[in-house]
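Notes follow once the structure below has been shown.
Every read-out reported here was derived from the displayed coordinates using simple, explicitly stated rules and does not represent laboratory data. If you're wondering where the values come from, they're calculated on a predicted model, not measured in any experiment. Backbone-built Cβ (ideal geometry, glycine too); neighbour counts: all protein chains shown.
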Amino acid sequence: MKLSTKGRYGLKAMYDLALNYGGEPIPLKNIAERQDISEPYLEQLMAILKKEGLVQSVRGAYGGYLLTREPSKITVGDVLRALEGPIGLVDCVLEQDAAECEKYDSCITRIVWEKIRDSIIKTIDSITLWDMCHEISNKK
């Protein structure tokens, strides 16, 4: 499994917003510079995150983006699902909207894919943006 740049860069941007939570709105340009992400691409990601209710935008000279909830209330899973869609390695075991397969009941590899999916889900849903912020500060 390989995450696209949408998931990777989106999580970096959300981490940046979490580091600055409780302050003024963060201009997109600042996030893009700090996280080394192209500003036009970041704008696309923020539009998705806004649509999914994870960020809000503030217009004006002192505008930018803010998290809609505390960093401790937003998980890595929330961000990845917003940007990447349902979690799963193969279509037949996606979290939701699993593709129909005529061999579903007799497929031995499905069990493996489900176990891997469940482990990934457990992990990404257990890590919050707050955890990410504190993990990095503990390494300094």
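For the range 1-113, the relative contact order is 26 percent, taking Cα pairs closer than 8 Å that sit 6 or more residues apart in sequence and dividing their mean separation by the residue count.
Compute the acute angle (0 to 90°) between the alpha-carbon long axis of helix 39-51 and the principal axis of greatest extent of the alpha-carbon atoms of the chain; round to the nearest 10°. Roughly 70 degrees between the two axes. Between 0 and 90 degrees, the angle of helix 129-139 with respect to the longest Cα principal axis of the chain falls at about 70 degrees. Within the shell of other residues whose beta carbon sits under 15 angstrom from the beta carbon of A18, the net charge comes to -2, with Lys and Arg scored +1 and Asp and Glu -1. Of the GluC sites (Glu not before Pro) found in the range 59-121, those that fall in a DSSP loop while having at most 11 other beta-carbon atoms within 10 Å are E100, E102.
Considering only the other residues whose Cβ falls under 12 Å of the Cβ of C101, what net charge follows from Lys and Arg at +1 and Asp and Glu at -1? Display every interim value, and only then the final one.
Numbers: positive: K103, R110; negative: D91, E100, E102, D105.
After counting each charged neighbour, the total is -2.
With Cα atoms as the point set, the radius of gyration and Dmax of the chain evaluate to 17.2, 60 Å. Rounded to the nearest 10 degrees, the angle from helix 108-124 to the longest Cα principal axis of the chain is 20 degrees.
Mean residue ellipticity, 222 nm, helices only, the chain: the sum of -39500 (n - 2.57) across DSSP H runs of n ≥ 4, divided by residue count and rounded to 500, is -16000 deg cm²/dmol. In this entry, the range 1-42 is assigned a mean projected area of 3.0 nm², taken as a quarter of its C-alpha convex hull surface. Coupling constants for the range 9-16 follow from the phi torsions by the Karplus curve (6.51 cos²θ - 1.76 cosθ + 1.60, θ = phi - 60°), and in residue order they are 6, x, 5, 4, 5, 5, 4, 4 Hz; glycine and proline get x. Restriction of the chymotrypsin sites (Phe, Trp or Tyr not before Pro) in the range 53-113 to DSSP coil positions whose beta-carbon has at most 11 other beta-carbons within 10 angstrom yields Y62.
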